[in-house]
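Presented below is the structure to which this report refers.
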Ligand SMILES: [Zn+2]
């Protein structure tokens, strides 16, 4: 049983903090529960079950997800094609969506007549959530398949493994699995003039006016919690304590898994650093009261949910 199914997801805590039972109960009370439809874009929570090996022949009612890079092929009614278009490559079986076979492939030519490619990111809210989530999974698998056609050691063409999601080198036996890059996000809170504030940062790549929680990739040899401390120190010079796990989100652009936390600020009076944005990474890092928030990331992202959840849970 998953932690969420057990109703325990809000009580999971980073190993560097040992909350009392009272604090755990508190955090459960503070964090709102979301219905799955808005809770987990890109999770497999919408009736999809990954499956291997692939059937010998695709079923007549199979779902076909055809990609050109990160764009999905849809017809004028935002429906998937009912057949595999001519010229597709790299056909992979994904699994079953509510019992129907789901297959994916890539197309390097223009969209067939009556269809067009739309960037998956921009389709959030315009196609059903199950299709967006399935599209995210399909895109990652198709991209992994495309970029692992040869062994990285001896350049021999790889072959798909029938039993698991892997491509194998028949020469040296190396296996290549879909990549997954863990990343950590931290929303920092503090009390200022008797009121709570959150720290939001601007990356130079963000659209004008948009701010988000601080985030970065976990590096080899690190725990997620170590990365949370390091990223905050590197990018803002701030020190944190009381890391508390919030939730995670698969993000297929291109293959990350975001683990989101909240943390408390260690003030300069307590030995913590002052804000110094890291050049090139952070344009600005600022404290915000909940009633003066800037433009936030889109609703599909865990950062938006983290910020709204924390802001909603802070006392006025
Ligand atoms: Zn090899």
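Within the range 125-135, is there a residue that is in the same structural domain as residue 91 (by TED's automatic domain parsing), away from the ligand (no atom under 16 Å from the Cβ), closer than 14 Å to residue 69 by Cβ and in contact (Cβ under 8 Å) with a residue 24 or more places away in the chain? Yes, that holds for at least one residue.
Residues of the range 167-185 that are out of contact with any helix residue (DSSP H, G or I) (no Cβ under 9 Å at 6 or more places or on another chain) and more than 15 Å from residue 155 (Cβ to Cβ): 175, 181. Among residues of the range 245-268 being over 18 Å from the mean Cα position of the chain (by Cα) and surrounded by 20 or more Cβ atoms within 10 Å (Cβ to Cβ), the one that is farthest from residue 144 (Cα to Cα) is 265. Within the set 228, 181, the sole residue that is crowded, with 17+ Cβ neighbours inside 10 Å, touching a strand residue (DSSP E or B) at 6+ places or on another chain (Cβ under 8 Å) and modelled with pLDDT of 95 or more turns out to be 228.
Outside the structural domain of residue 297 (by TED's automatic domain parsing), within 16 Å of the ligand (Cβ to nearest atom) and without any contact (Cβ under 8 Å) to a residue 40 or more places away in the chain: which single residue out of 110, 161 fits that description? The match here is 161. For the range 139-148, does any single residue satisfy the condition of being within 22 Å of the chain's Cα centre (by Cα), surrounded by fewer than 18 Cβ atoms within 10 Å (Cβ to Cβ), in contact (Cβ under 8 Å) with a residue 60 or more places away in the chain and outside any loop (DSSP other than H, G, I, E, B)? No: the range 139-148 contains no residue that is within 22 Å of the chain's Cα centre (by Cα), surrounded by fewer than 18 Cβ atoms within 10 Å (Cβ to Cβ), in contact (Cβ under 8 Å) with a residue 60 or more places away in the chain and outside any loop (DSSP other than H, G, I, E, B). If the condition is being under 24 Å from the mean Cα position of the chain (by Cα) and surrounded by fewer than 15 Cβ atoms within 10 Å (Cβ to Cβ), then the range 100-120 contributes only 119.
Look at residue 288 and say whether it is assigned to a strand (DSSP E or B) and either assigned by TED's automatic domain parsing to the domain that holds residue 219 or under 28 Å from residue 136 (Cβ atoms) (or both). The answer is yes for residue 288.
For (1) loosely packed, with under 15 Cβ neighbours inside 10 Å; (2) more than 24 Å from residue 147 (Cα to Cα), each residue gets a yes or a no:
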site: 63; (1), (2): no, no
site: 71; (1), (2): no, no
site: 82; (1), (2): yes, yes
site: 85; (1), (2): no, no
site: 89; (1), (2): yes, no
site: 95; (1), (2): no, no
site: 98; (1), (2): yes, yes
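Scanning the range 164-187 for residues that are within 16 Å of the ligand (Cβ to nearest atom) and within 16 Å of residue 91 (Cβ to Cβ) turns up just one, 167.
Scan the range 194-221 for residues that are touching a strand residue (DSSP E or B) at 6+ places or on another chain (Cβ under 9 Å) and surrounded by fewer than 21 Cβ atoms within 10 Å (Cβ to Cβ) and jot them down.
Listed by number, the residues that qualify are 195, 196, 197, 202, 203, 206, 207, 208, 209, 210, 216, 217.
Kindly evaluate residue 238 against the criterion of being farther than 16 Å from residue 218 by Cα and crowded, with 21+ Cβ neighbours inside 10 Å. So residue 238 passes the test.
Of the numbered criteria (1) free of Cβ contacts under 8 Å to residues at least 40 places away in the same chain; (2) in contact with a strand residue (DSSP E or B) (Cβ under 9 Å, 6 or more places away or on another chain), the one residue 295 fails is (1).
The values are calculated or read from the model by the stated rules, or taken from the named source; none is laboratory data. Bear in mind that the values here come from a model prediction, so they are computed numbers and not experimental data. Because the Cβ atoms are built from the backbone with ideal geometry, glycine has one as well, and the counts that use them run over all protein chains shown.
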